[in-house]
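Please read the structure below before turning to the comments.
The values are calculated or read from the model by the stated rules, or taken from the named source; none is laboratory data. Bear in mind that the values here come from a model prediction, so they are computed numbers and not experimental data. For neighbour counting, all protein chains shown are included, and Cβ atoms are generated from backbone atoms with ideal geometry for every residue, glycine included. Each accessible area value is taken on the protein alone, full model and side chains, heavy atoms only, with ligands, DNA and RNA left out. Shrake-Rupley method; radii C 1.70, N 1.55, O 1.52, S 1.80 Å.
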Amino acid sequence: MYDPPGYLWAIVIIGITAIPAATCVVLYGGAVRGGQGRRRAALLAGGAAVLLGGWFTASAVIAGHGWYHARLGHGVPWMPVAAVGSFGMLLALGRIPMVARALAAPGAASRLELPHTFRAVEGTAFLAVMALGHLPALFALPAGLGDVTAGIAAPLVAYKLAHGGSRRAALWFTAFGLTDLVVALTLGALTGFQLVNVTPSGAPISELPLALIPTAAVPLLFALHVTSVSALVRVPRAPRPATAPLTAAAG
């Protein structure tokens, strides 16, 4: 069983807690901006906190029992099942009218970028575990550096959108963020299920505390990106600068 230092537990738990907490703040702000009132907004944010916190707790229990630690062909691969199931549930919940109104409220495009800021914390955790010699660089370097980059860029993109900036940067950020998550999941599966023989192995990905990232945090980040695309479609295109008229040369 993987037993990382206490500070790594702290880093992962901070990131795991901050991402859903920021998402609840986004929902609260969207509900208020969408005219649902502060009381309904608080109920929405509180309900989201209970659901997200409940799944994070359940995933921790599953990981603690070692159910995520399985090789392909030797039992059910519960980790990808949990990740895909969580992502699908989040998309379904986003279609609830009260939630959909909050996600479609004015300024949603900029607010939806903010939870990605805390990806930098998770990226730091991957790099720290690699530095200890407990994760392969094949996984930890692209996953860690990608998350750190996304975490740094997220508040900058959100600020630009909030101040009337073009949506192009946000679309590029979304494309990068989705690519980073897909690459991390792919390399995590290859090394964690030992489909690629590397030293050290990627086994710690399927154990606490790292198992919470692909099963709980990543599906939420995926759902935020997908929802962000819908919000960005509604953002007006920035007007192109007018071309100065040509003046005839004096004869």
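Miscellaneous remarks
- In the set Gly133, Gly123, Gly107, only one residue is touching a helix residue (DSSP H, G or I) at 6+ places or on another chain (Cβ under 8 Å), at positive phi and not hydrophobic (A, V, I, L, M, F, W, C); that residue is Gly107.
- Criterion (modelled with pLDDT under 90, in contact with a Phe, Trp or Tyr (Cβ under 9 Å, 6 or more places away or on another chain) and open to solvent by less than 50 Å² (accessible area, probe 1.4 Å)) met by exactly one of Ala223, Ala203, Ala231, Ala217: Ala203
- Region 33-60, residues that are assigned to a helix (DSSP H, G or I), over 19 Å from the mean Cα position of the chain (by Cα) and in contact (Cβ under 8 Å) with a residue 40 or more places away in the chain: Arg33, Arg40, Ala41, Leu44
- Lone unmet requirement of (1) open to solvent by 50 Å² or more (accessible area, probe 1.4 Å); (2) assigned to a loop (DSSP other than H, G, I, E, B); (3) within 22 Å of Gly192 (Cβ to Cβ); (4) not polar (S, T, N, Q) for Arg95: (3)
- Contact map, region 63-84: residues that are closer than 20 Å to Leu220 by Cβ and part of a loop (DSSP other than H, G, I, E, B) paired with residues that are open to solvent by 80 Å² or more (accessible area, probe 1.4 Å) and modelled with pLDDT of 85 or more, Cβ distance under 6 Å, separation 6+ or inter-chain. Pairs shown: Tyr68/Trp78.
- If the condition is being closer than 23 Å to Pro106 by Cα, open to solvent by 40 Å² or more (accessible area, probe 1.4 Å) and among the hydroxyl-bearing types (Ser, Thr, Tyr), then region 132-180 contributes Tyr159, Ser166.
- The residue that is farthest from Ile16 (Cα to Cα), counting only those in region 27-57 that are open to solvent by 40 Å² or more (accessible area, probe 1.4 Å) and of a type in the set (A, V, I, L, M, F, W, C), is Val32.
- No other residue among Pro115, Pro106, Pro155 is farther than 20 Å from Thr215 by Cα and assigned to a helix (DSSP H, G or I) apart from Pro155.
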